[in-house]
1. Using Cα positions and a limit of under 26 Å, work out the lysines in reach of B:K137, with same-chain residues fewer than 8 apart set aside.
2. If R0 is 30 Å, what FRET efficiency do you get for B:V8 and A:S131 from their C-beta distance, rounded to 0.05?
3. Taking the Cβ of each residue in A:D55, A:D217, A:D154 as the centre, tally the other Cβ atoms inside 10 Å and list the residues starting with the fewest.
4. State to the nearest 20 debye the size of the charge dipole of the protein assembly as shown about its Cα centre, where the only charges are +1 on K and R beta carbons and -1 on D and E beta carbons.
5. Cα centroids of region B:32-87 and region B:103-134: how far apart, whole angstrom?
6. Which far-off residues, 5 or more places away or on another chain, put their amide H under 5 Å from the one on A:I30, with H placed in the peptide plane?
7. Report Rg (one decimal) and Dmax (nearest whole number) for the protein assembly as shown, counting Cα atoms only, units Å.
8. For a paramagnetic label modelled at 7 Å from the Cα of B:E215 toward its Cβ, which residues of region B:104-143 fall within the zone defined by backbone nitrogen distances under 14 Å?
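No value in this document is a laboratory result; all are computed from the given coordinates. Treat the numbers as computed from the prediction; the structure is a model and nothing was measured. Note that each Cβ is placed from the backbone with ideal geometry, even for glycine, and that neighbours are counted across all protein chains shown.
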Amino acid sequence: MDLTLDRVTHRYGDMPVLKDISLRIPAGRILCVIGPSGCGKSTLLRLIGGLERPDEGQVLQLGTPPPGCLNPLTYVFQDFALLPWRSVAGNISLVLEDHGIRGPAAETIIDDVLARTKLNDFHNALPRQLSGGMKQRVAIARALAVNPAVMLLDEPLSALDAQTRELLMEDLVALWERAPFTGVYVTHNLAEAVRLGHSIAVLSRRPGQLRELIDVDVPLADRQPGDPQLEALQARLWQLMKDEAMAADQELLDV
Amino acid sequence: MSDAARPVPFRGGGFRPVAKRGAGLAVFVALLALMEWGTRVGWISNLTLPRPSDVATTLIDLARSGLLWTHLSLSLSRLLAGSVLGITTGIGVGVAIGLFSYVRAGLIPLVAALFPIPKIALLPLFVIWFGIDEGSKYALIALGTFTPTVVSTYGAVDNVDRTLIRMGQSFGLSWASIVRKIVLPGALPGILSGLRVSIAIGIILLVAAEMLGAEYGIGAYILQAGSLYDLERLFAGVVILSALGVLSSWLIGLAEKRLLRWRV
Ligand SMILES: Nc1ncnc2c1ncn2[C@@H]1O[C@H](COP(=O)(O)OP(=O)(O)OP(=O)(O)O)[C@@H](O)[C@H]1O
Ligand SMILES: [Mg+2]
């Protein structure tokens with residue numbers, strides 16, 4: 001299932017947040033979205049997932065989600081969004097119950113996604129007993145449980161420390177290698193974008209416009225730290241972001 | 001500054017309630033001991049405060065005569081019926097206010113208008129509506145517990161983490177599932193702590209209701225004692241009320257411990 005954004009524009013009150021964004025999100029690939037703070041990345045993700053309606057333009061779904069897919073567009077939130085009163089397994093079963101999946105059928109799915117996120121031992125733990133990285137793995141497990149056609153990740157690693165981030169990033173790559181999912185991955189972190197993105201969309205400062213769309217040809221599994229091609233790309237992204245930030249500062253000075 | 005090594009001063013303590021067993025009991029015992037001692041030695045005259053041991057004897061006599069159970073069972077059933085009625089409708093209305101904009105717009109002013117009315121002032125009206133018997137007492141307690149429960153419940157629903165609700169929507173949960181599995185459990189801490197206030201108000205109104213037109217009941221007992229200036233019996237009644245307050249607060253604490261185990 002592909003997604004297409006067709007000249008999407010969005011405003012909050014009088015303030016334009018996103019302007020004229022057209023994008024294609026092909027199946028089985030990860031699109032990273034970067035841009036200065038407040039440029040509307042989270043808003044864009046909410047529009048893609050149908051949590052908000054664009055003021056102009058539309059978000060289109062091409063093709064039908066694959067069979068067995070319970071929730072085609074599935075989020076992984078920056079702050080995990082786990083129910084504190086439910087155990088790890090309970091948080092996952094939450095999203096299955098509404099589809100009538102209970103008992104042994106649910107247990108099978110839960111065990112499978114917990115194994116894939118290396119959380120087997122924490123089946124009955126409550127969220128407050130988990131570290132930040134583990135909480136985000138639970139959130140990823142919960143997303144995997146509904147077999148999404150598209151995963152929408154809003155800075156999923158930014159609440160975590162550098163080592164955990166590194167490990168989780170490897171986990172994400174491994175998950176994608178095992179079963180390629182379509183992803184839209186919003187991040188502040190250029191290294192993450194370069195590591196995970198098949199293509200990278202760079203947004204301008206607010207109102208967010210698509211500044212550049214960069215394809216990264218290196219297969220995910222082959223991306224090693226220190227790869228000169230990737231380093232050069234990261235430097236280029238940094239230059240783009242720096243220009244935007246400096247332009248934004250300039251606007252402030254002019255006011 | 002000397003160069004000697006010193007441990008860094010600890011500044012991190014406090015601000016975290018820890019269960020201290022018996023502290024509450026110790027405060028009671030100390031106060032009672034002070035009163036007992038004061039009345040025995042004489043710097044508290046018997047006219048200002050009854051002697052705690054006399055109050056205790058009065059209580060024991062009351063229990064022996066069997067009247068204590070008559071009073072207590074009547075009062076408890078009134079409190080239970082009235083507050084169950086008031087609290088359940090209060091929680092229902094509070095949740096509805098929290099969930100539906102029209103209900104909120106329509107009912108919040110009404111609740112705000114009802115809340116400050118001293119419910120005791122309405123007792124004559126209730127007597128006309130529901131009769132002099134139990135009905136008017138139930139209604140008074142129900143109305144008295146209803147308003148604070150509504151206010152604390154919709155506050156609790158408003159305070160449920162919006163990101164959790166968004167999460168539920170993003171996974172396509174039905175409206176009913178979101179309410180039952182996210183909104184209600186998330187509001188439970190606020191609702192339970194609101195119940196403490198509601199039940200205390202219920203006890204206050206129980207006594208008020210029993211002071212008007214009741215033969216038995218703790219309120220009636222206190223009223224009789226008061227009109228005779230029988231301080232021992234008056235205080236015996238007050239002790240029973242306080243015990244009711246402590247008991248209900250303890251029950252809610254128990255419920256909190258069981259239901260809110262997930263909290264830190
Ligand atoms: N619900 C809302 N109502 C009004 N304004 C909003 C709302 N959500 C976001 N905004 C505003 O829209 C702009 C874009 O917000 P958004 O959260 O999409 O930015 P972002 O790119 O995700 O920022 P960050 O990088 O800090 O996460 C911000 O200026 C924000 O204040
Ligand atoms: Mg954001």
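1. Those lysines meeting the cut-off are B:K119.
2. Efficiency, rounded to the nearest 0.05: 0.70.
3. A:D217, A:D55, A:D154
4. With Lys and Arg at +1 and Asp and Glu at -1, about 1220 debye.
5. Using only Cα atoms to place each centre, the spacing works out to 30 Å.
6. Distant-sequence amide H within range of A:I30: A:G183, A:H198, A:S199.
7. Reported Rg and Dmax, both Å: 32.0, 97.
8. B:133-134
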